[in-house]
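So the structure is just underneath, and the comments pick up after that.
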Amino acid sequence: MPGAAGDLRKVLDQRYVREGEREFRLFTYDHRNSGQTTIVDEPCCMEDFADDAAALLEAMIPHRLPVYICGVSFGGMVAQHLAIRRPELVKKLVLCACGAGGDATGPWPMEEWYAPEVTVEERILKRICQTNITRTTAWMERNPAEWNALVGAMYRDENIGQDTPLRQAGIRRQLEACSKHNTLDRLADLKMPILCCGSSADGVTPPEVVEDLARSIGSNCETNLDFSWGHAFLAADLTAMPFIANWIREPVDENIIVPKVHSSDEEATNQPRPDSSGQELFDFDDLPEVSEQEK
């Protein structure tokens, strides 16, 4: 389940799909009010997003239910509500870079990113620096090529769907729903195996927020908070998707659930990690160049 304001046509959103396809047969979509899904300028809540997901699963892959659910950021919040409302649809649940809401999570920077007075340039800078707190001025100066490629890709992504009527209204409705997200008093009711993942470089959902989420769930929840690359670790950290795949493939003990906490030996870093073919996972060179006109 993708994040807020996501669009599967975007380069950076497609990276989640590309990494997931290495391990799984995927079924994904754009949330209501984003991407190529219907946009309606009317109030909606997190339960509506969860019910959308349930209806889609039952309509498209009823023969495969229950399924493994993985939600990232806003998608992780939706996944919590789905698991609470329709637990029979969820075999195992993976929650990445998200919290339980309420007072436990605190303010969500995305509301600031999409404030009416914020320009596209300002939003891109905020997103880059807050989603990965190691993206400092010093990092930009040391890595000008990577910085320019990343900014260029985000400019292009920002332009996708801008001619769609009600685009900004749709984003606003998503953020309104997110601001009311709160599952704290219901998480302990979840009985399926759950994995909560985070990154120490994430300035949007710091690891302590994810840890609080896991603690609220209980003994059927495992954690790994040591991934690198910040909020987008699932798309950019070479170790993330294989770790999740191995966890999903572990057999479930129906009688005994033992809490576990996983830890990686590597500290959070922004250095690209080579895969088995010797290529960098996050290859800035394959990001499309953006012309001055597109900017």
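Each value in this text was obtained by applying a stated rule to the coordinates, not by laboratory testing. Keep in mind it's a predicted model, so treat the numbers as computed, not measured. Please note: Cβ atoms are built from the backbone with ideal geometry, for glycine as well, and neighbour counts cover all protein chains shown.
Taking every alpha-carbon pair in the stretch 5-102 and binning the separations at 10 Å intervals from zero gives 14, 49, 34, 3 percent. Note on the stretch 11-286: Lys pairs 8 or more places apart or on different chains, Cα atoms under 19 Å apart, count 5. Taking other Cβ atoms within 10 Å as a rough exposure proxy, C197, C70 sort from fewest to most as C70, C197. For a paramagnetic label modelled at 7 Å from the Cα of D163 toward its Cβ, which residues of the stretch 17-42 fall within the zone defined by backbone nitrogen distances under 16 Å? What the label zone holds, given the 16 Å backbone N cut-off, is 36.
If you average the alpha carbon positions of the stretch 1-29 and of the stretch 65-94, how far apart do those two centres end up, in angstrom? Between the Cα centres of the stretch 1-29 and the stretch 65-94 lies a distance of 16 Å.
Calculate the translational D of the stretch 124-242 in whole µm² s⁻¹ from Stokes-Einstein, where the hydrodynamic radius comes from the Kirkwood formula applied to all Cα pairs, the temperature is 4 °C and the viscosity 1.567 mPa s. Could the numbers behind the result be given before it?
Numbers: Rh = 16.7 Å.
In µm²/s, the coefficient is 78.
Each residue, C45 and R25, gets one label point 7 Å from its Cα in the Cβ direction; the gap between the two is 3.6 nm.
To the nearest 0.05, what FRET efficiency results for V11 and Y114 with a Förster distance of 22 Å applied to their C-beta separation?
After rounding to 0.05, the efficiency reads 0.70.
Distance between the pseudo-spin-label points of K180 and R215 (7 Å out from Cα toward the beta carbon): 2.8 nm. Here the label points at N148 and I248, each 7 Å from Cα along the C-beta direction, are separated by 3.8 nm in the simple model. Based on C-alpha pairs under 8 angstrom that are at least 6 apart in sequence, the stretch 146-253 has a relative contact order of 21 percent.
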